[in-house]
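Just so you know, all these numbers are worked out from the coordinates, no wet-lab data involved. A quick note: this is a predicted structure, and the numbers were derived from the prediction, not measured. Note: ideal-geometry Cβ built from the backbone for every residue, glycine included; neighbour counts use all protein chains shown.
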Amino acid sequence: MTTEAIKILLVDDDDFLLDMYSVKFKEEGFMIDIASSGTDALDKLKKGAYDVILLDIVMPALDGFEVLTRIKKEHIADKSTIIILSNLGQKEDIERGLALGAQDYVIKAHFTPREVVEKVKQHLGKK
């Protein structure tokens with residue numbers, strides 16, 4: 001599978017991070033769409049399929065855990081690889097995210113954007 005065919009939804013309420021990660025994924029040839037809130041993410045997921053969802057946890061109104069809960073309950077994005085990309089790094093947060101259906105949990109402060117791209121590629125290679 002070439003990266004041009006891979007659609008990623010990046011969900012984060014931080015414009016700087018949205019821009020930074022978007023640039024990195026586009027440089028690698030991925031198609032990237034962004035959502036700046038949990039509500040926006042759910043709207044986009046209901047309209048189209050994504051291969052990968054990179055999901056922040058701490059967002060106003062609808063946090064990432066609630067987005068995961070709704071994705072599971074409403075069977076949206078059943079075929080998507082969901083990777084939490086958050087600065088919440090407590091063991092309980094990680095366990096909760098994985099229990100709610102995320103395939104991986106990446107702590108932003110521990111990975112460069114390039115390493116996040118590599119992590120996504122690893123997950124795509126498993127499909």
Treating the beta-carbon of each Lys and Arg as +1 and of each Asp and Glu as -1, no other charges, what is the dipole magnitude of the chain about its Cα centre, to the nearest 20 debye?
540
Long pairs among Lys46/Lys72; Lys24/Lys108; Lys79/Lys108; Lys7/Lys91, criterion Cα-Cα beyond 19 Å:
Lys79/Lys108; Lys7/Lys91
Amide H of Ala35 versus every other amide H placed in the peptide plane: which residues, excluding those fewer than 5 positions away on the same chain, fall under 5 Å?
Leu10, Val11, Asp12
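Please compute the contact order of the chain in relative form: average sequence separation of alpha-carbon pairs under 8 Å and at least six residues apart, divided by the residue count, as a percent.
22
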Among Leu62, Ile6, Ile83 the positive-end extreme of the charge dipole of segment 6-125 (Cβ point charges):
Ile6
Convert each backbone phi in segment 104-109 into a coupling constant with the Karplus relation 6.51 cos²θ - 1.76 cosθ + 1.60 (shift: θ = phi - 60°), then list the ³J(HN,Hα) values in order as whole Hz, x for Gly and Pro.
7, 9, 10, 8, 3, 5
Quick check: the distance between the Cα centres of segment 47-95 and segment 19-44, to the nearest angstrom?
14
Check Ile53: other-chain or 5+ apart residues with amide H under 5 Å from its amide H, H built from backbone geometry?
Leu9, Thr81, Ile82, Ile83
